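The values are calculated or read from the model by the stated rules, or taken from the named source; none is laboratory data. Keep in mind that what you see is a predicted model, and the values were worked out from it rather than measured. Note that we place each Cβ from the backbone using ideal geometry, even for glycine, and neighbour counts take in every protein chain shown.
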Amino acid sequence: MTKKIENLLFLAWAASFTATVGSLYFSEIRDFVPCDMCWYQRIFMYPIVIVLGAAIIKKDAKAALYSALLSGIGGSISLYHYGIQKLDFLSESAPACGVVSCTGQYINWLGFITIPFLALTAFIIIFISSIVILKQSKGAPSK
């Protein structure tokens, strides 16, 4: 495995680890109750930490396939969740999603950075890194 692939695996893992710790900080320390869509995003983010952590230890670039899949689905959920928070035409037709509204915004830094936006950013970093890893590892000689 090349150094570039190792670095990209670490970047993707670091993004997933930061997102996981961040989501736990918001819910456990700041006492922000996650809405249902936040839980779905967590369902796709948390396993990435384990999958990529194991991939780094084993030097297994093939794990990028799993992180690409998980981050692609999770990112789609984050994008929709961010849309119902920020776009009136989506928020008006958003279904009720549980005890906590999915349109609510615990944070709104700089007028656009919300929790789903942070998750989306992490999912994008993981997805792009995973795709590059998959492309790079196809051309790399196997050992």
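Overview of results
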read-out: Flag for PHE117 being touching a residue at least 12 places away in the same chain (Cβ under 8 Å) and not in a loop (DSSP other than H, G, I, E, B); value: yes
read-out: Residue list for the range 1-46, restricted to those being acidic (Asp, Glu) and not in a helix (DSSP H, G or I); value: ASP31
read-out: Subset of the range 1-41 that is charged (D, E, K, R) and over 18 Å from the mean Cα position of the chain (by Cα) - its residue that is farthest from ILE77 (Cα to Cα); value: LYS3
read-out: Residue match in the range 91-103 (condition: surrounded by 15 or more Cβ atoms within 10 Å (Cβ to Cβ) and either part of a helix (DSSP H, G or I) or modelled with pLDDT of 95 or more (or both)); value: no
read-out: Test: ILE113 is surrounded by 15 or more Cβ atoms within 10 Å (Cβ to Cβ) and modelled with pLDDT of 95 or more; value: no
